[in-house]
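The numbers here are math on the coordinates, done by the rules we state, and not lab data. The structure presented is a predicted model; accordingly, all values stated were derived computationally and were not measured. Positions of Cβ are backbone-derived with ideal geometry, glycine not excepted, and every protein chain shown enters the neighbour counts.
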Amino acid sequence: MKKLFIFIILMSCGKIFSQEESLSKSEKVHKIYDTPHLKEMYSFRQKFSEVFDMDKVNGKGTVKSEVTFIVTSEGKITNIKTTGTNVSMNNETERAINEMNKFELIPKKLNGKPIDSTYRLPVEITFVKD
């Protein structure tokens, strides 16, 4: 029931991935794209909800966290950053995203070549009394 509850919360998030661009410095400006496909977003959120352990989060009422990360052209997750006021929520969100590296992630492609993509995933849990 708890996993279904968190899955519903994740599915109801209106704005799952951000629309901002990140730039890295090198001889050429290397653009990190953030244009995920709907099918891949659903698959990622579904896997995330399976990996996320709500029992490791302590809190009352509504607890929020936001994680940003990069999926590299090799399909690995890097540069994981979590924000939120609940430390246990931030830690579990970061752990779950790190755990996602065990799945085969397909990087975005531009002109047929794999590219780095940045993602933003807001996570919200509402604790209710039984």
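Once divided by 2.2 N^0.38 Å, the Cα radius of gyration of the stretch 60-127 becomes 1.26.
For the stretch 36-130, trypsin sites (Lys or Arg not before Pro) meeting the loop criterion (DSSP other than H, G, I, E, B) and having at most 15 other Cβ atoms within 10 Å: Lys60, Lys76, Lys129. Here are some pairs, Lys64/Lys113; Lys47/Lys109; Lys102/Lys129; Lys56/Lys81; Lys60/Lys102; which of them have Cα atoms lying more than 29 Å apart in this structure? Those over the limit are Lys64/Lys113; Lys102/Lys129; Lys60/Lys102.
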